[in-house]
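Scroll down for the structure; my scribbles are underneath it.
The values are calculated or read from the model by the stated rules, or taken from the named source; none is laboratory data. Because the structure is a prediction, the values reported are computed rather than measured. Cβ coordinates were reconstructed from backbone atoms using ideal geometry, including for glycine residues, and neighbour counts include every protein chain displayed.
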Amino acid sequence: MNHLKHLLASRNLTLPNDFIEKVEEYKTLLEKWNKVHNLTGAKTLQQIDEFIVDAITPINFLPPINKAMDIGTGAGFPGMILAIAMPETRFTLVEPLSKRASFLQFVKADLGLENVEVKAVRVEQLPSEPYDLITSRAVTDTDMLLKLSEPFCTKGTLLLFYKGEKVYDEVNESLDYTIIEAENRHYLLIKR
C-alpha cells in the first residue's frame with residue numbers, strides 16, 4: 001500500500017472513487033511545477049501526502065456544502081484537494097500570486113474539475129457574495145481571516161481555518177466555534 005493510501009486508511013474518510021487517481025495526477029503536476037516555480041514548502045512526496053490528508057480530514061465533520069471559497073490557496077492546500085474530494089461543491093480558489101494561480105488553473109484543466117474556479121486576485125478585490133464554507137490555511141491570524149471573510153458570510157456560513165497549537169490564543173470567546181484536534185493540526189470551525 002502506498003504512503004498516501006495508508007494515511008487515508010487511517011483517517012477513515014469517505015472519498016469519491018476517482019479521488020486517489022486524481023490526487024496522484026495532482027501530485028505529479030505539483031512535483032514538476034514545484035521544481036521550477038517553488039510553489040510549496042512540501043518538497044518530498046511524503047510531505048505532499050501529509051498536506052493532502054491534512055487538507056481533506058475535515059470532510060469527516062463538514063455538512064454538505066454547495067459553494068465554498070478558499071482564501072490563499074497557494075499550491076492547492078486545502079482548496080484544490082477539497083474540491084477533488086467534494087465534487088458536488090463549487091469551489092472558488094483565491095490566490096493572488098500569478099505562478100500559483102496559473103498552476104491551479106492548469107490542474108483544474110488537466111483533471112477536468114468542473115467545480116473549480118480560480119481567481120488570481122487578493123480576496124479583498126472580489127465582489128461580495130455569500131458562501132456556505134470559507135477555508136484558509138497558513139495565510140494569517142484568525143482576526144484578519146474573520147475580516148477578510150466578512151463580505152462572503154451570511155447566516156450559517158462556516159469558516160474553517162487550518163491552524164496550529166496557537167489557535168487557542170487566537171479565538172475570541174464571543175465566537176460560535178469548535179476546535180477539532182488532529183495529529184499535527186487544529187481545525188477551527190466557526191459558525192456565522
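From the list S98, S102, pick out the single residue that is under 23 Å from V123 (Cα atoms) and surrounded by fewer than 14 Cβ atoms within 10 Å (Cβ to Cβ).
Numbers: S102 fails: surrounded by fewer than 14 Cβ atoms within 10 Å (Cβ to Cβ).
Checking each option against the conditions leaves just S98.
Does I84 meet the test of being assigned to a helix (DSSP H, G or I), under 29 Å from E150 (Cβ atoms), in contact with a helix residue (DSSP H, G or I) (Cβ under 6 Å, 6 or more places away or on another chain) and modelled with pLDDT of 95 or more?
Yes: the conditions hold for I84.
Name the residues in the range 1-29 that are in a helix (DSSP H, G or I), more than 19 Å from L104 (Cα to Cα), of a type outside the set (A, V, I, L, M, F, W, C) and without any contact (Cβ under 8 Å) to a residue 40 or more places away in the chain, would you?
Correct list: K5, H6, S10.
Inside the range 97-138, can you point out the residues that are within 14 Å of the chain's Cα centre (by Cα) and on the phi > 0 side of the Ramachandran plot?
Correct list: A138 only.
Against the condition modelled with pLDDT of 90 or more, in contact with a strand residue (DSSP E or B) (Cβ under 8 Å, 6 or more places away or on another chain), part of a loop (DSSP other than H, G, I, E, B) and among the aromatic types (F, W, Y), how does F91 come out, does it pass? Even if it seems obvious, please write down each step before you answer.
Details: modelled with pLDDT of 90 or more: yes; in contact with a strand residue (DSSP E or B) (Cβ under 8 Å, 6 or more places away or on another chain): yes; part of a loop (DSSP other than H, G, I, E, B): no; among the aromatic types (F, W, Y): yes.
In short, no.
Scan K43, K32 and give me the residue that is part of a loop (DSSP other than H, G, I, E, B) and over 28 Å from P130 (Cβ atoms).
So the residue among K43, K32 that is part of a loop (DSSP other than H, G, I, E, B) and over 28 Å from P130 (Cβ atoms) is K43.
Residues checked against (1) modelled with pLDDT under 95; (2) farther than 20 Å from F91 by Cβ; (3) touching an Asp or Glu at 6+ places or on another chain (Cβ under 9 Å):
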{"residue": "D141", "(1), (2), (3)": "yes, yes, yes"}
{"residue": "M144", "(1), (2), (3)": "yes, yes, no"}
{"residue": "S149", "(1), (2), (3)": "no, no, no"}
{"residue": "F152", "(1), (2), (3)": "no, no, yes"}
{"residue": "L158", "(1), (2), (3)": "no, no, yes"}
{"residue": "Y162", "(1), (2), (3)": "no, no, yes"}
{"residue": "K166", "(1), (2), (3)": "yes, yes, yes"}
{"residue": "Y177", "(1), (2), (3)": "no, yes, no"}
{"residue": "L188", "(1), (2), (3)": "no, no, yes"}
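Name the residues in the range 127-141 that are part of a strand (DSSP E or B) and surrounded by fewer than 13 Cβ atoms within 10 Å (Cβ to Cβ), would you?
Listed by number, the list is empty, since nothing qualifies.
Would you check if A109 is without any contact (Cβ under 8 Å) to a residue 24 or more places away in the chain and within 21 Å of R90 (Cβ to Cβ)? Working first, answer last.
Numbers: without any contact (Cβ under 8 Å) to a residue 24 or more places away in the chain: yes; within 21 Å of R90 (Cβ to Cβ): yes.
Yes.
Please identify the pairs in which a residue from the range 159-173 that is at negative phi and of a type in the set (D, E, K, R) has its Cβ atom under 8 Å from the Cβ atom of a residue that is surrounded by fewer than 22 Cβ atoms within 10 Å (Cβ to Cβ) and not in a strand (DSSP E or B), counting only partners at least 6 apart or on another chain.
K163/T142; K163/E170; K163/R185; E170/D141; E170/T142; E170/D143
If you check I81 against the conditions, is it free of Cβ contacts under 8 Å to residues at least 60 places away in the same chain and surrounded by 19 or more Cβ atoms within 10 Å (Cβ to Cβ)?
Numbers: free of Cβ contacts under 8 Å to residues at least 60 places away in the same chain: yes; surrounded by 19 or more Cβ atoms within 10 Å (Cβ to Cβ): yes.
In short, yes.
Go through the residues of the range 109-121 one by one and say whether even a single one is closer than 18 Å to V23 by Cα and touching a His at 6+ places or on another chain (Cβ under 9 Å).
Within the range 109-121 (the criterion being closer than 18 Å to V23 by Cα and touching a His at 6+ places or on another chain (Cβ under 9 Å)), the answer is no, since none of the residues qualifies.
Are any residues in the range 14-39 surrounded by 15 or more Cβ atoms within 10 Å (Cβ to Cβ) and either basic (K, R) or modelled with pLDDT under 90 (or both), and if so, which ones?
Once the filter is applied, which keeps residues that are surrounded by 15 or more Cβ atoms within 10 Å (Cβ to Cβ) and either basic (K, R) or modelled with pLDDT under 90 (or both), the range 14-39 yields K22, K27.
Being in a loop (DSSP other than H, G, I, E, B), loosely packed, with under 14 Cβ neighbours inside 10 Å and over 16 Å from the mean Cα position of the chain (by Cα) is the filter here, so list the residues in the range 142-169 that pass it.
Answer for the range 142-169, where residues must be in a loop (DSSP other than H, G, I, E, B), loosely packed, with under 14 Cβ neighbours inside 10 Å and over 16 Å from the mean Cα position of the chain (by Cα): T154, K155, G156, E165, K166.
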